[in-house]
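What follows is a short report on a single structure.
What follows is calculated from the coordinates using simple rules that are stated; it is not laboratory data. Since we're looking at a predicted model, the values are computed, not measured. Positions of Cβ are backbone-derived with ideal geometry, glycine not excepted, and every protein chain shown enters the neighbour counts.
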C-alpha cells in the first residue's frame, strides 16, 4: 500500500528563560525566500512561526512559510589563521634546517557513513545488512534502515570516495583498494555483485564499502545539518525547554526520533527544491582576456551547510552557466581574501542571459567584501566576470561565499 507523505511540521517549544540561553549560543541567520539574510538571536520556534530578537534588540515573529532556511553560526572553537601570501606560507612551512616544519597530521579515525539518493548523510555505525537493505545507528541510539535502491554510498569498514563519482555501474571497494564493478544484487554476510563475467561474492568483512549507481531524488522534508557531519531529512523538528532537539525522521513506523542538542544543529532547509548551489552547476564556458598567457578555471570548495560550496575565481575571468531551469535570484557574498588586499583591485560583474548587466561592484582593500542578491528574471543563462581594476590583473582573486540560485 502506498504510504501517505505527511506535511513537514516545525514545532520548537521554548520558554523565554532557560531555552533562550540554549538557543543563543552563537548567532542565527534567517534566510527568507528572496535569499535575504538577517542575523538574529533566536528565542523560539513554534508551529508556523519563528520568534527572535533582531540586531536592534526588538522582539519579532516571522512565519515559517516566509523562510527558506535557518543557519546557526556558532563561535569558532579557535580563531582561524589569517590567510598568508604564498611566499610567507613557504617560509613558515620549512624549519631552519630546510626540513618540513609542521608535524604530520595524525590519521583520522574512520567513522561509518551512509549517503542516500536524497542528499542525506548518516554518520554513525554500521548496524547490519539484511540482503535488500542496510541498517545504521545514528546518535548512538537510533537504528534506521535504508533499502539498497535509496543508497548512494556506504562506507562500512573503511573510507569510500564518493565525491564526484558518477558511475553507471555499482562498485564494491575492497579494504585492500581493489574494486569490483557490476550490479550489487544483495548485501548480507557477503556482497553479491553481478559482473560482466559472472556473479562474484565478496565477504562483507573484506569490503570497505559500496557505491551504488542509483539516480538522485529530491528530498521531501526538511533537511537538517548536524555538527557531527550528518544530514538528515526530518518531517518534524521540536526544541524542548531544556534545549534538546527531537528530529522526527518519519520514514519508519513507528516514526524514529533522533535527539540532539540545540548547539549541534547547524542548519535547517525548509524547501530544498527551491535553491541550488552554483558550484554544482557545470559552467558552459570559461574565457580569459586574449592578452593573458594563462588562466585558471574557477575552483569549488567542499560543500558546507545547506550543501553549498564556495567558488574561488582567479581573475580576470568570465564564466557562463546554462541553467537547467528559469532562475529567479542569485545570492552570495563576494570577498577579496586578506592575502590579496595589498594589490587586489577588481570588479565583479553579474550578467543575465541577454547580456544585461545586473550588478557591478568594485573590490579592494578598503572594501574587500560585498553582498550579492540580484533578481534574475527567469533567465536560463548566467554570467559572472572578475574584471581587472585600476592596478591591472594582480591578486584579483574573489571568493564567492555560499553562492546559490533560487528557481522560479
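When Rg and the Kirkwood Rh are both derived from Cα coordinates, the Rg/Rh ratio for the range 284-356 amounts to 0.96.
Using packing as a proxy for protection, rank 314-326, 176-188, 194-206, 269-281 so that the peptide with the highest average count of other Cβ atoms within 10 Å comes first.
Descending packing order for the listed peptides: 269-281, 314-326, 176-188, 194-206.
Take each peptide in 130-136, 401-407, count the other Cβ atoms within 10 Å of every residue, and average; sorted highest first, the result is 401-407, 130-136. Taking other C-beta atoms within 10 Å as the exposure proxy, 340, 51 rank 51, 340 from fewest upward.
Spatial offset of the range 251-304 relative to the range 113-189 amounts to 22 Å, using the alpha carbon center of each. Across the range 112-211, the fraction of Cα-Cα pairs farther apart than 17 Å, rounded to a whole number, is 46%. Taking other Cβ atoms within 10 Å as a rough exposure proxy, 168, 399, 31 sort from fewest to most as 168, 399, 31.
Quotient of the Cα radius of gyration of the range 133-270 and 2.2 N^0.38 Å, N being its number of residues: 1.20. Per-peptide packing, taken as the mean over residues of other Cβ atoms within 10 Å, places 285-297, 32-44 in the sequence 32-44, 285-297 from highest down.
Under the Kirkwood approximation for Rh and a Cα-based Rg, what ratio Rg/Rh is obtained for the range 254-408?
Over the Cα atoms of the range 254-408, Rg/Rh equals 1.04.
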